[in-house]
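The values are calculated or read from the model by the stated rules, or taken from the named source; none is laboratory data. What you see is a predicted model; the values in this text were computed from it and never measured. Positions of Cβ are generated from backbone atoms using ideal geometry, with glycine treated the same way; all protein chains shown enter the neighbour counts.
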Amino acid sequence: MTKQETTTRLNDYLDGELGPAQVAAFEDALSKDPALRAELESIQAAMELLRTEGPLQAPTGFHERVMAQAAVEPMPQIGWMDRLRRFFRDLPMETLAMAVAATIVLVLVGNFLPDSGEPETEPAALQPAEPERRATAGAQETKEAAQKTPGAAPSIQAEDEIDPIREVANGLISGPVDNSTSDKPAKSGSMDKADMKGPKGSDVVGMLDLGTQGEAPIGSTSGAEPAFETPEAQSVDLETQLNAAVAYSVVVKDSSSLRQIAALAERHGGRAVHGKTGATLSEADLDGGRVQVQVRIPPAQLASFHSALNSVGAAQRTSMNDANLYGPDTISLNLDVRLQ
Amino acid sequence: MFALLFAMVHRPTDEELVQRFKGGDRNAYSELVRRYQNRIFSVCMRWLKGDREIAEEVSQDVFLALFRALPGFRGDAKLSTWVYRVAINHCKNRQTYRHRRAHGRHDSIDGIQQEDDAPKRQLADDNAPGTDALVHQLEARTLLQEALDQLDDEQRQMIVLRDIEDLSYEEISKLLDLPRGTVKSRLHRARHELAKKLGRRLNLADVV
């Protein structure tokens, strides 16, 4: 055992920090080493003297003198700097650092992702040309009527304006239009570009909700892609499909219904023709029990035509292509007419 | 009645007193002074080589500093550790000041050093005629203080904190910001040195 080890062992022995076996070994060493024993005894004597001495007593009147000094001191306050320092010291810095790092990462990642908060607008080349023609006075009236129709579901784009064409196309308006309920003055009897704008001035194209009658999900028909889904519609002439704004399935009782449809189209300022040939409709077209009819009417007449179509037969809107809702002159409706 | 009895029996902890003081209760500070005055004065006395007047002055400074600093006490360590740390810092500062101004008391050190070859003194025998315990105690205290004064600051602080104030190794380690092993080895050396100094001054057989 070296001198250092012996000294350490000796002090551990004095402090009672040795285990029983170590105590026995050390006491054995003590019995064999008189110098070590003498050193132990001298230290024990010194420690004994220290312990009997103990803490000294403060002088008499010390407490009173201290309190007298403190009495003239204002009560100490924690300064705002100390409070601030303590606040930051008590913060869980690791958690804070992780939160800051996560925020930075989110911000950086967010800059590289497309903005999904709003519907993506079509590239200019794919967007339909904005209507250059002003709609007729009926459009405005229809719009106002749409706003006033009881029970009408709120449109996703109708923050301050309701687009009558889209409302009608969505099947939200089915009854006759009551212009008298409007409390909004008509805008000089016409519809302008502003009427065809969605929220924040964006074009309504691509924002149309198609999910009202089990059609394609919302947003799935943005752009110029046709959204015909029913098997029957798939047989319709491709050009008709592409041009059609709305497709209907109409079940009629007899072939005379074709004349009614033609008359209906004319009453709405348009024309109904054979969907494939483009020829004028005749009752013979329904000899096969089914015919595709193309109806071209001014957009402003859509609401009225939509309502009147049910008087001809059991009409059901099967799809809608919002890109074609705003033709320059007319919009095209595709009617899949079948005999009952 | 029960509340009064509880108040008489219940001894508030240091932390409770600190909280009360932070709330503006000066009586809490008074209680803390009463609780620590002997220990602080004792440390100052030992550190400042038995100069009673200076020790009292420094002790008062320590408590005044505590009064001003208590609101900032965070409670990370025991109050006693913190109080001792303040006291030691004050003692060190005062000692540095004294050395710089050459006002330190070196008489006893010089005296002892000169007396190294003097014959050993013997503590008065309690049972001897004409002596009493008080004389014995005063003489022992003087010898102990003289021996402590001969130690260097590092050794003296170890002896004071461990063997007089009875702090644990862990408390001393925190107080002085030293590893436990360092505290132990310094204490070992300090004890050995103190025993040597005391052995020259008295007959240890009278103590043991």
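Points to keep in mind about this one:
- Qualifying residue in region B:1-16 (condition: closer than 13 Å to residue A:70 by Cβ and either at the interface with chain A (Cβ under 9 Å from one of its Cβ atoms) or among the hydrophobic types (A, V, I, L, M, F, W, C) (or both)): no
- A count restricted to region B:156-182 and to residues that are within 12 Å of another protein chain (Cβ to nearest Cβ), of a type outside the set (Val, Ile, Thr) and within 16 Å of the chain's Cα centre (by Cα) stands at 10.
- Among the residues examined, residue B:72 qualifies as facing another protein chain (nearest Cβ under 7 Å) and surrounded by fewer than 20 Cβ atoms within 10 Å (Cβ to Cβ).
- Considering only residues in region B:46-69 that are at the interface with chain A (Cβ under 10 Å from one of its Cβ atoms) and in contact (Cβ under 8 Å) with a residue 60 or more places away in the chain, the one that is nearest to residue B:142 (Cα to Cα) turns out to be B:50.
- Scanning region A:44-70 for residues that are assigned to a loop (DSSP other than H, G, I, E, B) and buried (at least 17 other Cβ atoms within 10 Å of the Cβ), we see that the one that is modelled with the lowest pLDDT is A:55.
- Test: residue in region A:23-35 that is facing chain B (nearest Cβ under 10 Å), among the β-branched types (Val, Ile, Thr) and not in a loop (DSSP other than H, G, I, E, B): no
- Test result for residue B:83, buried (at least 19 other Cβ atoms within 10 Å of the Cβ), assigned to a helix (DSSP H, G or I) and away from every other protein chain (no Cβ under 12 Å): yes
- Condition check for residue A:302: closer than 15 Å to residue A:334 by Cβ, surrounded by 16 or more Cβ atoms within 10 Å (Cβ to Cβ) and modelled with pLDDT under 85: yes
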